[in-house]
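The structure appears below as structure tokens.
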Ligand SMILES: Nc1ncnc2c1ncn2[C@@H]1O[C@H](COP(=O)(O)OP(=O)(O)OP(=O)(O)O)[C@@H](O)[C@H]1O
Ligand SMILES: [Mg+2]
């Protein structure tokens, strides 16, 4: 209760961070709802994993959807919070797995409300963020237990992307008592034949924000997962052991220790997973 009160105070202070201050104040919940939140704080049981990046088209939606279905397939209660106004991940998840709760939010205030609500009844809430660093992204980051930042394996603006992301995370942590603690870069779209891939593997080893050891390759399975009416995820496709291997390795690395602490509702909905062949960064 005390921790939550302090966090709310920190949230208030956060409004001075930059020009988004005014907007952010508007997003704070009315007092009545905040009191209700405090009363229900002990009911928070889930973990919020946010996929965010200042850059667009890097794989936030693809990885968020795969993460949601991957967790569902392991028997957990999962919700997806789609915070990108294109609403692609909500559409994708609804088509793949109707049992996953899907909600949408377009303002920071809605984000706060939905996250608190969903965390009471789900083991994991997966947030698919918009590109950029507006107050909606900041609201998601403030609430996150873990932030996954996909980094596209392309050299064009690698350094600036890393710099902007690091600055944003630093700013949020300064105003939010060091939270979110767990922020991880994830290299996505890796092609081992390219020189840039080797360069990126070397670069991400020495950054302020640690990178996941597991990397995701550029694979047709991720694109083919969403075609017209046949919508699925790479981990549920037949003969896609590379994609399945990359996704298994990545989410086991990121979430393995958390999974062991939570008892799944339906133990292993899908018992069989093909053994992955080779890791992306081998
Ligand atoms: N590992 C991958 N291999 C091949 N294609 C990929 C991979 N990851 C993402 N893509 C493709 O890259 C494109 C952009 O991915 P996605 O929409 O997930 O990015 P995003 O960061 O959510 O973009 P936005 O900022 O527009 O929301 C999509 O066409 C997707 O299919
Ligand atoms: Mg997206």
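The values are calculated or read from the model by the stated rules, or taken from the named source; none is laboratory data. In this text the structure is predicted, and so the values were computed from the model without any measurement. Methodologically, a virtual Cβ is constructed for each residue, glycine included, from the backbone with ideal geometry; neighbour enumeration extends over all protein chains shown.
Descriptive notes on the structure:
- Qualifying residue in region 48-67 (condition: more than 16 Å from ligand 1 (Cβ to nearest atom) and either buried (at least 17 other Cβ atoms within 10 Å of the Cβ) or modelled with pLDDT of 95 or more (or both)): yes
- Screening 223, 164 for residues that are within 16 Å of ligand 2 (Cβ to nearest atom) and in a helix (DSSP H, G or I) leaves exactly one candidate, 223.
- Inclusion of residue 132 among residues that are farther than 23 Å from residue 260 by Cα and within 15 Å of ligand 1 (Cβ to nearest atom) is warranted.
- All positions within region 175-197 that are in a helix (DSSP H, G or I) and surrounded by 13 or more Cβ atoms within 10 Å (Cβ to Cβ): 175, 196, 197
- Within region 120-132, being in contact (Cβ under 8 Å) with a residue 60 or more places away in the chain and in contact with a helix residue (DSSP H, G or I) (Cβ under 8 Å, 6 or more places away or on another chain) holds for 120, 123, 124, 125, 126, 127, 128, 129, 131.
- Selected residue (only one of 216, 223, 204, 186 is over 22 Å from residue 125 (Cα atoms) and touching a strand residue (DSSP E or B) at 6+ places or on another chain (Cβ under 8 Å)): 204
- Among the residues of region 143-161, those identified as surrounded by fewer than 23 Cβ atoms within 10 Å (Cβ to Cβ) and away from ligand 2 (no atom under 16 Å from the Cβ) are 145, 146, 154, 155, 156, 157, 158, 159, 160.
- Only one of the numbered conditions (1) buried (at least 23 other Cβ atoms within 10 Å of the Cβ); (2) modelled with pLDDT of 95 or more; (3) within 16 Å of ligand 1 (Cβ to nearest atom) is violated by residue 115, and that is (3).
- Counting only strands (runs of 3 or more DSSP E) that fall entirely inside region 53-133 and contain at least 3 residues that are within 14 Å of ligand 2 (Cβ to nearest atom), the qualifying elements are 78-82, 124-131.
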